[in-house]
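The values are calculated or read from the model by the stated rules, or taken from the named source; none is laboratory data. None of these values were measured; they are calculated from a predicted model. Backbone-built Cβ (ideal geometry, glycine too); neighbour counts: all protein chains shown. Accessible surface is based on the protein model in full, side chains and every heavy atom, while ligands, DNA and RNA are left aside. Shrake-Rupley method; radii C 1.70, N 1.55, O 1.52, S 1.80 Å.
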Amino acid sequence: MAELVIKEVTKAFNKGTINEKTALDDLSLTLEKGDFVTVIGSNGAGKSSLLNAIAGLWPVDKGRIWLAGQDLTGLPDYQRAALIGRVFQDPMLGTAASMTIEENLALAAKRGMRRGLKKALTYQRRKQMKEELAKLGLGLENRLITPVGLLSGGQRQALTLLMAIYQEPQLLLLDEHTAALDPKTGEVVLKLTKNIVESLKLTTIMVTHNIKDALKIGNRTIMMHEGRIVLDISGPQREQMTTEDILRLFAETSGSQFSNDRMLLVQ
Amino acid sequence: MFINLNLLLGATELGLIYAIMALGVYLTFRTLDFPDLTVDGSFTLGAAVSAVLIAGGHSPWLGLLLAPVAGILAGLATGVLHTRFKITPLLAGILTMTALYSVNLRVMGKANVPLLGLPSIYDTLARSGIPEKYAVLAFGVGCVVLLVFLLYWLFQTELGLALRATGDNETMIKSLGINGNSMKLLGLGLGNGLVALSGAAIAQFQGFADMSMGIGMIIAGLASVIIGEVLLGSRSLLRVLIAVVGGSVVYRVIIAIVLRLGFQATDMKLFTAALVVLALTVPQFRGKQEYDSLRR
């Protein structure tokens with residue numbers, strides 16, 4: 001069985017009201033182990049909803065989701081977290097601002113495990129943290145007892161990324177995690193992401209606002225529109241694809257213009 | 001002398017016993033970021049349980065030990081209202097507090113249970129060799145040191161980190177596999193357990209349990225926490241816990257002085273409320289840590 005199987009999942013918000021919105025429409029998607037899939041689409045296409053459905057933020061209306069052979073469909077988000085690492089778009093969401101770097105990492109080190117009355121920070125664990133933090137190349141290994149609230153957005157996002165993979169997850173979900181950063185910092189975090197995912201061969205889904213990045217990074221790209229997958233490319237077909245091709249394909253399949261207020265169209 | 005040693009001793013004794021309550025308020029309000037109004041009811045509940053047991057001929061220590069059990073249950077009630085029935089924190093606390101009014105009256109059987117002539121924990125301490133004058137002080141210091149140590153230790157365990165993170169960032173804790181609802185139940189249970197313990201110790205100290213003794217307790221606790229943080233800061237975990245205890249003592253000293261100035265005891269609630277309003281509105285008092293859950 002494939003690593004991640006999403007079968008005919010539907011999710012509508014505000015059902016039965018005039019504001020009803022179908023976020024996911026009978027969507028199916030299968031990922032093999034080690035797949036690094038980038039997701040693009042215009043505003044409201046259902047990209048974040050796809051990640052939230054997998055992470056279990058809310059129950060889906062219809063369909064099933066399996067990860068690593070386990071049926072996730074009925075599980076609440078905090079139980080699915082044992083298998084899934086997440087990085088959010090908002091750097092504030094992934095870390096506890098009032099707690100120190102080492103405390104945040106100690107929380108991440110026990111992701112999905114029982115938390116007991118053992119001391120959270122030991123000499124051994126601090127040593128391991130320093131080694132892992134050093135790999136980020138941001139100097140955070142010397143600031144273990146700095147409250148995370150004092151870090152910059154980019155530093156927080158890099159830390160969140162490290163926290164998401166500190167206990168190796170079966171699946172890594174990245175929701176436009178560089179969108180809120182300035183371009184240069186975003187580039188650094190993206191490079192870190194690429195290195196980490198590739199070295200650990202993590203099965204990953206990354207939503208991005210940057211079509212160029214989406215085609216450059218990972219081994220597969222899907223485009224979403226109105227809760228469905230309208231394009232799914234990999235291999236040579238993907239390698240030859242340009243931003244213009246994507247925009248043209250989008251116009252053809254959806255009959256509308258690609259619009260995303262964060263989308264970067266520049267080459 | 002206007003401020004004499006006896007006034008200071010009395011205020012310190014009260015401050016230390018009430019500090020147990022302030023630590024509970026710190027746990028819910030600050031650590032969990034849950035403005036929990038159960039406190040007014042659970043304080044009286046602790047006093048009631050303790051007083052009824054003593055009046056029924058049981059050991060005052062049994063009264064002291066069972067009070068927090070009742071307090072934990074009260075905290076869990078608020079927790080269930082919030083986590084299970086999705087009632088906002090403020091209303092969940094008010095509902096439990098209101099229900100506890102009836103429960104407390106049932107427990108006590110009447111509005112006031114006098115303990116005159118009955119043994120208290122302070123009597124047994126005095127009999128074990130501690131000078132009678134300092135029995136209350138000894139209990140207060142011992143109890144507070146033990147609790148500060150226990151909370152400091154708890155906050156550094158894996159579970160304690162999860163508890164603290166729950167009050168900081170709920171999105172994050174879920175993504176790390178922490179059940180936020182369990183953490184809230186844990187925090188509310190522990191917090192109200194401490195509040196009830198304080199109520200039991202106060203009842204034995206003043207020699208009665210009374211239906212109205214918990215009124216305004218939450219504001220007094222909050223005032224203690226704020227005074228402590230302003231005076232002693234909150235730079236480290238241990239420091240903030242000590243600050244809460246210090247804040248409670250300072251608060252009782254201030255109250256004693258204000259009473260000495262000629263105000264009535266019944267004016268103190270107004271005074272305390274004004275103190276908290278001042279602390280929440282004067283920017284330099286707020287310092288680095290904003291009371292987000294208390295301001296809009």
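Quick notes on this one:
- Distance between region B:16-66 and region A:156-214 - C-alpha centres, whole angstrom: 48 Å
- At most 14 other Cβ within 10 Å, DSSP loop - trypsin sites (Lys or Arg not before Pro), region B:67-109: B:84, B:86
- Nearest-ten-degree value, helix A:123-136 long axis tilted from longest Cα axis of chain A: 40 degrees
- Normalised by the number of residues in chain A, the average gap of Cα pairs under 8 Å and 6 or more apart makes the relative contact order 26 percent.
- Set of aspartates and glutamates near residue A:119 by C-alpha distance (under 19 Å), chain-local residues within fewer than 8 positions excluded: A:102, A:103, B:158
- Point-charge dipole on Cβ atoms (K/R +1, D/E -1) for region A:148-267, about Cα centre, debye to 20: 260 debye
- C-alpha center-to-center spacing [region A:1-39, region A:51-69] in angstrom: 8 Å
- With a cut-off of 19 Å on the backbone N, the residues of region B:128-162 near the modelled label site 7 Å out from residue B:238 along Cα-Cβ are B:141-158, B:160-161.
- Lys/Arg +1, Asp/Glu -1 at C-beta; the protein assembly as shown dipole; positive extreme among B:240, A:104, A:253: B:240
- Candidates B:147, B:241, B:270, ranked by Gaussian network fluctuation over chain B, Cα under 10 Å, top entry: B:270
- Spherically averaged projected area of the convex hull of Cα atoms, region A:1-131: 10.8 nm².
- Of the accessible area of region B:5-295, computed with a 1.4 Å probe over protein heavy atoms only, carbon and sulfur atoms account for 68 percent.
- Those lysines that a straight Cα-Cα span of less than 29 Å connects to residue A:15, excepting residues fewer than 8 apart in one chain: A:7, A:47, A:62, B:86, B:174
- In this calculation the C-beta distance from residue A:199 to residue A:144 is compared with R0 = 25 Å, giving a FRET efficiency of 0.60.
- Applying 1/(1 + (r/R0)^6) with r as the Cβ-Cβ distance of residue A:248 and residue A:70 and R0 = 51 angstrom yields a FRET efficiency of 0.80.
- Highest-fluctuation residue, B:181, B:169, B:192 considered, GNM on chain B with Cα pairs under 10 Å: B:169
- Placing +1 on the Cβ of every Lys and Arg and -1 on the Cβ of every Asp and Glu, with nothing else charged, gives the protein assembly as shown a dipole about its Cα centre of roughly 940 debye.
- Förster radius 22 Å - calculated FRET efficiency between residue B:130 and residue B:231, Cβ distance, rounded to 0.05: 0.15
- Placing +1 on the Cβ of every Lys and Arg and -1 on the Cβ of every Asp and Glu, with nothing else charged, gives region A:75-137 a dipole about its Cα centre of roughly 400 debye.
- When A and B come together, around 2200 square angstrom of accessible surface is lost from both chains combined, probe 1.4 Å.
- Binning all Cα-Cα separations of chain B at 10 Å, short to long from zero, yields these whole-percent fractions: 7, 29, 37, 22, 6, 0, 0.
- Other-chain or far-sequence residues with amide H under 5 Å of residue A:36's (modelled H): A:204, A:219, A:220
- For the pair residue B:280 and residue A:17, label points projected 7 Å from Cα toward Cβ lie 3.0 nm apart.
- Placing a pseudo-label 7 Å from each Cα along the Cα-to-Cβ vector at residue A:184 and residue B:84 gives an inter-label distance of 5.5 nm.
- Tensor-based shape of region A:73-214 (alpha-carbon gyration tensor, a/c under 1.5 rounded, otherwise prolate or oblate): oblate
- Projected over every direction and averaged, the convex hull enclosing the alpha-carbon atoms of region B:232-271 yields 3.1 nm².
- Rg(Cα)/(2.2 N^0.38 Å) for region B:119-197, N = residue count: 1.55
- Set of aspartates and glutamates near residue B:269 by C-alpha distance (under 14 Å), chain-local residues within fewer than 8 positions excluded: B:40
- Per residue, the protein assembly as shown exposes an accessible area of 44 Å² to a 1.4 Å probe, with every protein chain left in place.
- Alpha carbon convex hull of the protein assembly as shown, volume per residue in cubic angstrom: 181 Å³
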